[in-house]
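The values are calculated or read from the model by the stated rules, or taken from the named source; none is laboratory data. From a predicted model like this one, the values you see are computed outputs, not experimental measurements. Here the Cβ positions follow ideal geometry from the backbone for every residue, glycine too, while neighbour counts run over all protein chains shown.
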Amino acid sequence: MWDLLTNRDDLRKTEVRPVPALEPADGEVLLEVERFALTSNNITYGKVGDSFGYWRFFPAPHGWGRLPCWGFARVVRSRAPGVAEGLRVYGYLPMSTHVTMRLAPTGDRAELPARAYADTAAHRAEGSATYNTYVAMPADPFDNHRVVWRSLFSTSYLLDHELSQAEPAQAAAPTTVVLSSASSKTAMGLAWLLRRRQVTVVGLTSTDKVAALTRHGLYDQLVSYDEIAGQNLQGPMAFVDFAGDPGVVGAVHQRFAHHLTRSIIVGVTHWDAAARGGDLPGPTPTLFFAPERVRSLTADVGGTELLQRMDTAMRDFIAACPWLRIVEHTGPEALQKIYNTVIDGHAKPEDIHIIKPA
């Protein structure tokens, strides 16, 4: 048994530490982590871990954290009523081989998916249900795609729904959407969904990724960050920021202030950029928090129906993108190696990195 620990003050520093044999206490289960996805989204969790509480999900020694990830795990020992050994779930996990949780069935609640369980531990009481809910999922040949896209594409889906709604101050929803960090998985999913609605999508990315992203055909136009000032785009326009780089945000607002109707902050893939500061022309950037949109939509259609809709759209997206490539990594050394690649921004847009702890 082992944990991957991340230095909370320097996300580039990681350490694999062995863990003594874990045994669940009364009301707990022991989960064996089967596989999880590693993307720039995990780096975002670390960057905003203090302000959004992501470090609290899986306690770690002082100064260190256990970065959350999305993945599959199986109950190997249970002392929790209503949770059977052998149960396989999808949900929020640490980068570890095993983890104990205080899982309990959520019951028949319309706002949650069928066969759902919640971690009821005290240190997670303030967390969103989105992160505390574990859904029973038998093995499926599609699992290597589901492990990454079920969470990230869900955010893409929720963002697309958000952007399809006309704001009170707008005559219409945006017809052009600019996405930073165009190579991030969530941006790619959103680009596909937007274009399906005939929205023009412009992707911003680093110069070295323009060619690869162009080949994949997800964007109507790709622009390197240093070429933003020379662009001539039409509105009404929305900007969705996945990068978290104040220089990029400022450049977009300076160039397109008169066309921008919305500016939405989602992630910080440029995790080591300086904090945003100063006044910006155009609309004030607003933070998009996916769990809030989930609550709104589940109130309308129910948790199970929402998941089914997301799953159908996700499968359509993957079928339309045969260039997506699954890359599996096994063991802690392989995890650390690909973690360094991701945090340095060198992961290829088409690669989906799946980690199997053992």
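Condition check: touching a residue at least 12 places away in the same chain (Cβ under 8 Å), more than 30 Å from residue 96 (Cβ to Cβ), assigned to a helix (DSSP H, G or I) and not β-branched (Val, Ile, Thr). Does residue 313 satisfy that? So that I can check it myself, show each step before the final result.
Numbers: touching a residue at least 12 places away in the same chain (Cβ under 8 Å): yes; more than 30 Å from residue 96 (Cβ to Cβ): yes; assigned to a helix (DSSP H, G or I): yes; not β-branched (Val, Ile, Thr): yes.
The answer is yes for residue 313.
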Residues satisfying the stated conditions in segment 1-33, i.e. touching an Asp or Glu at 6+ places or on another chain (Cβ under 9 Å), surrounded by 19 or more Cβ atoms within 10 Å (Cβ to Cβ) and either of a type in the set (Ser, Thr, Tyr) or closer than 21 Å to residue 126 by Cβ (or both): 6
Residue in segment 326-358 that is surrounded by the fewest Cβ atoms within 10 Å (Cβ to Cβ), counting only those that are assigned to a helix (DSSP H, G or I) and aliphatic (A, V, I, L, M): 334
Being part of a loop (DSSP other than H, G, I, E, B), hydrophobic (A, V, I, L, M, F, W, C) and at pLDDT below 85 is the filter here, so list the residues in segment 255-310 that pass it. 268, 271, 273, 274, 275, 289
What number goes with the only condition from (1) over 16 Å from residue 306 (Cβ atoms); (2) surrounded by 16 or more Cβ atoms within 10 Å (Cβ to Cβ) that residue 151 does not pass? (1)
Residue count, segment 172-188, condition under 19 Å from the mean Cα position of the chain (by Cα) and either more than 22 Å from residue 207 (Cα to Cα) or assigned to a helix (DSSP H, G or I) (or both), comes to 4
Test residue 115 against the criterion of being at pLDDT below 90, surrounded by 14 or more Cβ atoms within 10 Å (Cβ to Cβ) and within 21 Å of the chain's Cα centre (by Cα), and give yes or no. no
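I'd like to check which strands (runs of 3 or more DSSP E) are fully inside segment 34-108 and have at least 2 residues that are surrounded by fewer than 18 Cβ atoms within 10 Å (Cβ to Cβ). Break it down into steps so the answer makes sense when it comes.
On the way: elements: 68-78, 88-94, 98-101, 103-105.
By residue number, 68-78, 103-105.
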Cβ-Cβ distance below 6 Å, separation of 6 or more or different chains: which pairs start in segment 173-202 with a residue that is farther than 16 Å from residue 161 by Cα and end on one that is hydroxyl-bearing (Ser, Thr, Tyr) and in a loop (DSSP other than H, G, I, E, B)? 181/269; 184/269; 185/39
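Out of everything in segment 234-247 that is of a type outside the set (Gly, Ala, Ser) and surrounded by fewer than 21 Cβ atoms within 10 Å (Cβ to Cβ), what residue ends up being nearest to residue 175 (Cα to Cα)? Explain how you work it out, then say what you get.
Going residue by residue through segment 234-247, those that are of a type outside the set (Gly, Ala, Ser) are 234, 236-237, 239-242, 245-246.
If we keep only those that are surrounded by fewer than 21 Cβ atoms within 10 Å (Cβ to Cβ) as well, we get 234, 236, 246.
Working: 234: 8, 236: 6, 246: 24 Å.
Step by step, filter segment 234-247, then rank; the result is 236.
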Set 104, 73: member being under 25 Å from residue 355 (Cβ atoms) and either touching a strand residue (DSSP E or B) at 6+ places or on another chain (Cβ under 7 Å) or assigned by TED's automatic domain parsing to the domain that holds residue 33 (or both): 73
